[in-house]
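Q: Starting off with a structure, shown below.
The values are calculated or read from the model by the stated rules, or taken from the named source; none is laboratory data. Every value quoted in this text rests on a predicted model; they were computed, and no experiment measured them. As a convention, Cβ positions derive from the backbone with ideal geometry for all residues, glycine included, and neighbour counts pool all protein chains shown.
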Amino acid sequence: MAFSAIWIQTASAALSPWSGTTNYPLAIYGQRCVVSSGFVFCVGGITDDPATGNGKRVSAVYFAAISSSGVGPWSASTNYPLVISGHDCIANSGFVYCIGGDTDDPNNPSGRTLSDVYFAPLSPSGVGSWSATTNYPTIISAQSCVASSGFVYCIGGSVVSSATNAVYFAALSSNGLGPWSATTNYPTSSLGQSCVVSSEFVYCIGGTGSVVGTLPMSAVYFATVSSSGVGPWSATADYPIFNSHPACVATSGSVYCIGAYRYNGDLSNATYFAALSSSGVGAWNATTNYPTTIITECVARAGFVYCIGGYNRPTFISAVYFASVTQVTQNVTSTAVTCSPSYVAVGQPAQCSATVTDTSATPISPEGTVAFSSNSSGSFAPSNTCELSSINSSTASCSSKVSYTPSPSAEGAPTITGIYSGEPAHQGSSGTTSLTVEKRTSSTTVNCSKVKGNIVCTVTVTDTSPGTPMTPTGTVSMSSTGTGTLTSCALSGIGSSGTCTVTYTPGKGKTSTVTITGTYPGDVNHLGSSGSTTIRSF
């Protein structure tokens, strides 16, 4: 597979000054946070224990909306199944997956390292129920995991008090994880490195070679990621300082690393950034220092970086800060919108998506959201907005589709518009597509029986289109091949069918076979249909 370089001007990607926003509900360190659909979700960690004066692991989970204004109010959500620290979590397609970590053990004050993996759905209402899924191949903590194109990749970590260079990957789905497979080992045994993924490459920064006694590293390595695993690792530009546990995030084509553990208890507040490409990491540049020396947890979304809590020796902190990428120039984008199926009936949903492409000579995969609208009556679900997920170095598409359902009486050719709002690295753009919306189809059946010298017929008209059914309304006209008399009947009912009853009074004469037909002309939402039956009159 061929890859092209993805460089941007590093001088144009510095961070703005840090701004304080809504504090985390706990003074916390070691929680793991993920971003999905405009919300941040944080799991577990270590907080102060007033009873002992030491830290204690928690199972607490909190979430909040994130935006260009900062972090909204935090809300509690479904607790993790265990008190946990040292784990790592990733988000993919509306689910969070948390891997390994350390939990409490009454027989060991330091706790017990796990191979357990749990996952849960994410929504604007919080985290759903946690479910166990495929265990990691070994017990593991302090590893770094990333997600790309439906797979999770976990690099290094601590196994039984020593660092490992093992790398494993597994497929992600709404049912959990597939089997784990070993892939290309990391170049050195390492724990506490911070890895990010961008445009089908993983980049890992810093780390340390053992639990204790080894200086942190400045080494940075990168490799391709795919459904086959991790490709060969290559060294790239060293980080400016020796470090472990930096909080690194990728956004707007660059990696940003905040704070770190240096050595002998020395913490850093330095923030550095570098451009990412298929050739590795570009030159590192210093940018706005974090407000305090820190080991923290950071996430990024659409050109903004949010850092939550952390450890500022000797205390845990609850402060949350955010900063934006100060891009001098924005790359031009184009947006394409598709909906499938393109022919629908009123009340039948079409699944819509958008693809945003950076059309510049040095593209960066766009980030952010696309908002959908229609020039006709209809509704979008679960909302009219989708979050972009990177496809390759220049293109991103909706991580999940948006459903559009035309309203009753909305037949015609509505235009669906998708507006990409842009972010610090990209200009906004928009695209459109058209749907053909028709009336719903119907079927008509006639069933007749003899009752006291007459023939009584029940007519049923059923909505047969996909989607939410609408009850057919109106009048069915009746006819026969005999000499008897019939009257029209008015439909009534609920759900997908309307019914009515009509009596056929045979004319005088000998017994004969009569065909009775019901013709439904349709209504404001339904096309017409007809049906017939044959019965012997007398």
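Q: Just one of (1) assigned to a loop (DSSP other than H, G, I, E, B); (2) surrounded by fewer than 17 Cβ atoms within 10 Å (Cβ to Cβ); (3) not assigned by TED's automatic domain parsing to the domain that holds residue 196 trips up residue 291, so point out which.
A: All conditions pass for residue 291, except number (3).
Q: Hey, another quick one. Conditions: (1) within 30 Å of residue 326 (Cα to Cα); (2) among the hydrophobic types (A, V, I, L, M, F, W, C); (3) surrounded by fewer than 15 Cβ atoms within 10 Å (Cβ to Cβ). Residue 425 meets all but one. Number of the miss?
A: (3)
Q: Give, as residue ranges, the strands (runs of 3 or more DSSP E) completely inside region 401-482 that count at least 2 residues that are touching a Lys or Arg at 6+ places or on another chain (Cβ under 8 Å), outside the structural domain of residue 495 (by TED's automatic domain parsing) and among the hydrophobic types (A, V, I, L, M, F, W, C).
A: none
Q: When residues of region 47-76 are filtered for being touching a residue at least 60 places away in the same chain (Cβ under 8 Å) and more than 30 Å from residue 325 (Cα to Cα), how many remain?
A: Going through region 47-76 one residue at a time, the tally reaches 3.
Q: Somewhere in region 172-193, is a residue outside any loop (DSSP other than H, G, I, E, B), of a type in the set (Val, Ile, Thr) and assigned by TED's automatic domain parsing to the domain that holds residue 236?
A: No, there is no match, as no residue in region 172-193 is outside any loop (DSSP other than H, G, I, E, B), of a type in the set (Val, Ile, Thr) and assigned by TED's automatic domain parsing to the domain that holds residue 236.
Q: Out of the residues in region 498-529 meeting the condition of being crowded, with 19+ Cβ neighbours inside 10 Å and small (Gly, Ala, Ser), tell me which one is farthest from residue 450 (Cα to Cα).
A: Restricting to residues being crowded, with 19+ Cβ neighbours inside 10 Å and small (Gly, Ala, Ser), the top hit is 529.
Q: Applying the selection to region 119-137, what residues are more than 17 Å from the chain's Cα centre (by Cα) and part of a strand (DSSP E or B)?
A: 131, 132
Q: Can you work out which of the residues in region 98-142 that are surrounded by 20 or more Cβ atoms within 10 Å (Cβ to Cβ) and of a type in the set (A, V, I, L, M) is farthest from residue 83 (Cα to Cα)?
A: It comes out as 122.
Q: Taking the criterion of being under 16 Å from residue 87 (Cβ atoms) and in a loop (DSSP other than H, G, I, E, B), would at least one residue in region 14-28 satisfy it?
A: Among the residues of region 14-28, not one is under 16 Å from residue 87 (Cβ atoms) and in a loop (DSSP other than H, G, I, E, B), which makes the answer no.
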